[in-house]
Amino acid sequence: MEPITRFEGLAAPLALDNVDTDQIIPARFLRKPRDADYQRWLFHDLRFAPDGSPLPGFVLNRPPFDAATILVAGRNFGVGSSREAAVYALQAFGIRAVIAESFGDIHYSNALKNGLLPIRLPPERVRALREAAEGGGLRLTVDLERCVVASPDGAEDPFAVPAFARDCLLRGLDEIGLTLTHLPEIEAFEARHAV
Amino acid sequence: MTTPRTLFDKIWDAHVVERLPDGTAILYIDRHLIHEVTTPQAFEGLRAAGRKVRRPEATLAVVDHNVPTDSTRFTGIEEPESALQVATLERNVKAFGVPYIPLDDPRQGIVHVIGPELGLSQPGMTIVCGDSHTSTHGALGALAFGIGTSEVEHVLATQTLLQKPAKNMRITVDGTLGFGCSAKDIVLAIIGRIGTAGGTGHVIEYAGEAIRALDMAGRMTVCNMSIEAGARAGMIAPDETTFAYLKGRPFAPKGEAWEKALAYWRTLPSDPGARFDREVRLDAAGIAPMVTWGTNPEAVVPITGRVPDPAEEPDPAKRAQMQRMLDYMGLAPGAPLAGTPVDVVFIGSCTNSRIEDIRAAAAVARGRRVAEGVRALVVPGSGLVKKQAEEEGLDRVLKEAGFEWREAGCSMCLGMNPDKLKPGQRCASTSNRNFEGRQGPGGRTHLLSPAMAAAAAVTGRLVDVREMAR
């Protein structure tokens, strides 16, 4: 994976709580290949009418938000199913970070594994950023080295990321390769752990 | 003296291969269940890196999410994308030497039904699967949780996961469950109380008299929906009910190994004085048959209740969400839930498709008829559940009442196989998620117990099953 250190991008507000992974990508699209069209399945039933036409009311269909790379959501983002496709779909659309008050546990972990940054901030800050994003001109800088989200007005919001996951992202490490360097310990464990 | 530990702490400690400096553990995984939806990229990743499956014998594959539940499954799956996903799994298990239960095997079924049924899921184990309802297996006293596809690949390659320990939460359900109520009502009441994020970051241990009194199917129903309360895992301490359930199952230990396992399993329950980060208590006697009215599982009320009125919600964000849910569900604020007409009834899913669930549905269906215009499906969780139900004559009872008797699979739980709702259809469903479009785009889901679902089928509306039995 490419190392992630710092990036800047346009923020889009998604003022919904409890956005479940069935909303992020409905199950029927879990069979789709991860090709150039994959972004189309993101928020499919919120973004498109049954006849396939884009719904103008949905934020990511409206310029400039169709070019957003940071999503500012609400509480409990990515709750529900373990589908990693929810992360693939967000990334296919171009989203690199999601800022929310809280995340579903499995989605949070899936996002980190793919370099989509799940950023937890306090409710009042999430609300403030979401409101600031509504005008369509909020460009935020996400700095993983310093673990801050920087706003154009100079405000900096610190966020926490598990140290190990952060280290892997900053260095672009392959977690499986890293775990396999502990193979002797795994083998020793298996020798004493009978199942 | 050692510090008292919880059931979760004990299983966790017994599986830590190594602790990394930030507290992340390399956690050993005893059982890895896989299915067709969340594995293609994992196998692709192994191929790209030239890696093998480290312990194929600790892995079991089955197809469940995509498969039709009518006879067309035996003549080839018609939907090309589903057929491809099934064929891809079959190619991968062959190439990597992973044991596989094919579609025409009598043991095929929903991954979370067959794990316990075959005795693969056992107390004290770590069990994972690329599916959030893996929490189901915690009913056996295991640490079982859902993982994403990257983690599936990690387990396939290393038989371990990189994990941070979760916090401990205990939910104690005291007392005795009332007539007409079941495990489904307990877990819906719990989610209604703590909310869909109530268990985030925690493993929930369910305890108390009402939990102890549940059979294994009921315990699996409760643990299954832990994820709907935000918890990645739910668990119940193993006891005589657990041991009696496991004994003699194909993969359960036998003879001396059984005695040895039993001695270990008896050490697993949480120690007196073990510390929980959060405690919640409920009284089972206060639980009525529950029905969801909204589009997440915390939007739930007793069947005797009413649809809440957004005008009474002070928080504007919550008020907007409630209104959105009512619009989607086509319900009026303040309307009683009972009496709401339904178009479809679905009895099945990893939450409620075991033999006990089918018996509960058949008991209500016996001697009655599915209401005019209602489509009612009963989908056993596995081929073995189906066989047993047929031996007990339950299929006949259900078919005579006008229910469709189907082949095993995930079916109408998630709208990725031919069983799905049409836009606007209202469904009384024993599954676990009432999210928008979950059972098909535009479909409206009311979650409830198997007995309540059967009652809805024969009356054509949401109804208090307790009234029907009187």
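The values are calculated or read from the model by the stated rules, or taken from the named source; none is laboratory data. Remember, predicted model here, so these are calculated numbers, not experimental data. Reconstructed Cβ throughout: ideal geometry from the backbone, glycine too, with neighbour counts over all protein chains shown. Remember, those area values only see protein heavy atoms, side chains included, never the ligands or the DNA or RNA. Shrake-Rupley method; radii C 1.70, N 1.55, O 1.52, S 1.80 Å.
Check A:Arg166, A:Arg130, A:Arg139, A:Arg171 and return the single one that is under 21 Å from A:Ile95 (Cβ atoms) and open to solvent by 70 Å² or more (accessible area, probe 1.4 Å). Walk me through it before giving the result.
Details: A:Arg166 fails: open to solvent by 70 Å² or more (accessible area, probe 1.4 Å); A:Arg130 fails: open to solvent by 70 Å² or more (accessible area, probe 1.4 Å); A:Arg171 fails: under 21 Å from A:Ile95 (Cβ atoms).
Within the list A:Arg166, A:Arg130, A:Arg139, A:Arg171, the selection yields A:Arg139.
For the stretch B:310-325, which positions are in a loop (DSSP other than H, G, I, E, B) and surrounded by 15 or more Cβ atoms within 10 Å (Cβ to Cβ)? Please lay out each step first, then the result.
In the first step, residues of the stretch B:310-325 are kept if they are in a loop (DSSP other than H, G, I, E, B); the result is B:313-315.
Hit for the stretch B:310-325 is B:Glu313, nothing else.
Right, A:Pro33: closer than 23 Å to B:Glu79 by Cα and either touching a strand residue (DSSP E or B) at 6+ places or on another chain (Cβ under 7 Å) or part of a loop (DSSP other than H, G, I, E, B) (or both) or not?
On the way: closer than 23 Å to B:Glu79 by Cα: yes; either touching a strand residue (DSSP E or B) at 6+ places or on another chain (Cβ under 7 Å) or part of a loop (DSSP other than H, G, I, E, B) (or both): yes.
Here the answer is yes, as A:Pro33 does meet what is asked.
Return the residues of the stretch B:130-157 that are closer than 28 Å to B:Leu246 by Cα, facing chain A (nearest Cβ under 10 Å) and not aliphatic (A, V, I, L, M); say none if nothing qualifies.
Once the filter is applied, which keeps residues that are closer than 28 Å to B:Leu246 by Cα, facing chain A (nearest Cβ under 10 Å) and not aliphatic (A, V, I, L, M), the stretch B:130-157 yields B:Gly130, B:Asp131, B:Ser132, B:His133, B:Thr134, B:Phe145, B:Gly146.
Return a yes/no flag: does the stretch A:70-91 have any residue that is more than 29 Å from B:Val152 (Cβ to Cβ), open to solvent by 30 Å² or more (accessible area, probe 1.4 Å) and more than 9 Å from chain B (Cβ to nearest Cβ).
no
With a cut-off of at least 2 residues that are within 14 Å of chain A (Cβ to nearest Cβ), name the helices (runs of 4 or more DSSP H) lying wholly within the stretch B:172-290.
It comes to B:183-194, B:255-265.
Restricting to the stretch A:7-25, name every residue that is assigned to a helix (DSSP H, G or I), facing chain B (nearest Cβ under 10 Å) and in contact (Cβ under 8 Å) with a residue 60 or more places away in the chain.
We begin by selecting, within the stretch A:7-25, every residue assigned to a helix (DSSP H, G or I); these are A:21-24.
Still in the list and also facing chain B (nearest Cβ under 10 Å): A:21-23.
Hit for the stretch A:7-25 is A:Thr21, nothing else.
Does the stretch A:115-125 contain at least one residue that is facing another protein chain (nearest Cβ under 9 Å), buried (at least 16 other Cβ atoms within 10 Å of the Cβ) and modelled with pLDDT of 95 or more? Full working, then the answer.
Within the stretch A:115-125, the subset facing another protein chain (nearest Cβ under 9 Å) is none.
Looking through the stretch A:115-125, none of the residues is facing another protein chain (nearest Cβ under 9 Å), buried (at least 16 other Cβ atoms within 10 Å of the Cβ) and modelled with pLDDT of 95 or more.
Given the residues B:Thr304, B:Thr295, which is the only one that is surrounded by fewer than 20 Cβ atoms within 10 Å (Cβ to Cβ) and either under 18 Å from the mean Cα position of the chain (by Cα) or of a type in the set (Ser, Thr, Tyr) (or both)? Show your work before the answer.
Numbers: B:Thr295 fails: surrounded by fewer than 20 Cβ atoms within 10 Å (Cβ to Cβ).
Matching residue, one of B:Thr304, B:Thr295: B:Thr304.
Restricting to the stretch B:20-69, count the residues that are at the interface with chain A (Cβ under 10 Å from one of its Cβ atoms), of a type in the set (Lys, Arg) and part of a loop (DSSP other than H, G, I, E, B).
Number satisfying all stated conditions: 3.
What number of residues in the stretch B:66-88 are among the hydrophobic types (A, V, I, L, M, F, W, C), touching a residue at least 24 places away in the same chain (Cβ under 8 Å) and open to solvent by less than 80 Å² (accessible area, probe 1.4 Å)?
Step one: list which residues in the stretch B:66-88 are among the hydrophobic types (A, V, I, L, M, F, W, C), which gives B:67, B:74, B:77, B:83-84, B:86-87.
Next cut, touching a residue at least 24 places away in the same chain (Cβ under 8 Å) only: B:67, B:74, B:86.
If we keep only those that are open to solvent by less than 80 Å² (accessible area, probe 1.4 Å) as well, we get B:67, B:86.
Total satisfying the criteria: 2.
Could you list, in sequence order, all residues of the stretch A:92-116 that are under 14 Å from A:Asn18 (Cβ atoms), in a loop (DSSP other than H, G, I, E, B) and not polar (S, T, N, Q)?
A:Glu101, A:Gly104, listed by residue number.
Where residues in the stretch A:37-54 are away from chain B (no Cβ under 13 Å) and either within 19 Å of B:Pro418 (Cα to Cα) or in contact with a helix residue (DSSP H, G or I) (Cβ under 7 Å, 6 or more places away or on another chain) (or both), which of them is surrounded by the fewest Cβ atoms within 10 Å (Cβ to Cβ)?
Taking the stretch A:37-54 as the starting set, the residues that turn out to be away from chain B (no Cβ under 13 Å) are A:37, A:39-40, A:42, A:53-54.
When the remaining residues are screened for being either within 19 Å of B:Pro418 (Cα to Cα) or in contact with a helix residue (DSSP H, G or I) (Cβ under 7 Å, 6 or more places away or on another chain) (or both), the result is A:39, A:42, A:54.
Values: A:Gln39: 17, A:Leu42: 23, A:Pro54: 13.
The qualifying residue surrounded by the fewest Cβ atoms within 10 Å (Cβ to Cβ) is A:Pro54.
Sort out which residues of the stretch B:115-157 are in contact with a Pro (Cβ under 9 Å, 6 or more places away or on another chain) and of a type in the set (S, T, N, Q), and write them in order of number.
B:Gln122, B:Thr136, B:Thr149
Anything in the stretch B:189-215 that is open to solvent by 10 Å² or more (accessible area, probe 1.4 Å), farther than 24 Å from A:Tyr108 by Cβ and not small (Gly, Ala, Ser)? List them, or say none.
Within the stretch B:189-215, B:Glu209, B:Arg212, B:Leu214, B:Asp215 meet the criteria.
Against the definition (within 10 Å of chain B (Cβ to nearest Cβ), open to solvent by 50 Å² or more (accessible area, probe 1.4 Å), closer than 22 Å to A:Lys113 by Cα and modelled with pLDDT of 95 or more), how does A:Arg34 come out, yes or no?
Numbers: within 10 Å of chain B (Cβ to nearest Cβ): yes; open to solvent by 50 Å² or more (accessible area, probe 1.4 Å): yes; closer than 22 Å to A:Lys113 by Cα: yes; modelled with pLDDT of 95 or more: no.
Taking the combined requirement at face value, the residue does not satisfy it.
Have a look at B:Pro116, B:Pro106 and point out the one that is more than 10 Å from chain A (Cβ to nearest Cβ), more than 26 Å from B:Leu46 (Cβ to Cβ) and either open to solvent by 10 Å² or more (accessible area, probe 1.4 Å) or in a loop (DSSP other than H, G, I, E, B) (or both). Before you say what the answer is, go through the steps one by one.
Working: B:Pro116 fails: either open to solvent by 10 Å² or more (accessible area, probe 1.4 Å) or in a loop (DSSP other than H, G, I, E, B) (or both).
Criteria check complete, one pass: B:Pro106.
Name every residue in the stretch A:92-101 that is surrounded by fewer than 24 Cβ atoms within 10 Å (Cβ to Cβ) and either within 13 Å of chain B (Cβ to nearest Cβ) or closer than 26 Å to A:Glu156 by Cβ (or both), in order of residue number.
A:Gly94, A:Ile95, A:Arg96, A:Glu101, listed by residue number.
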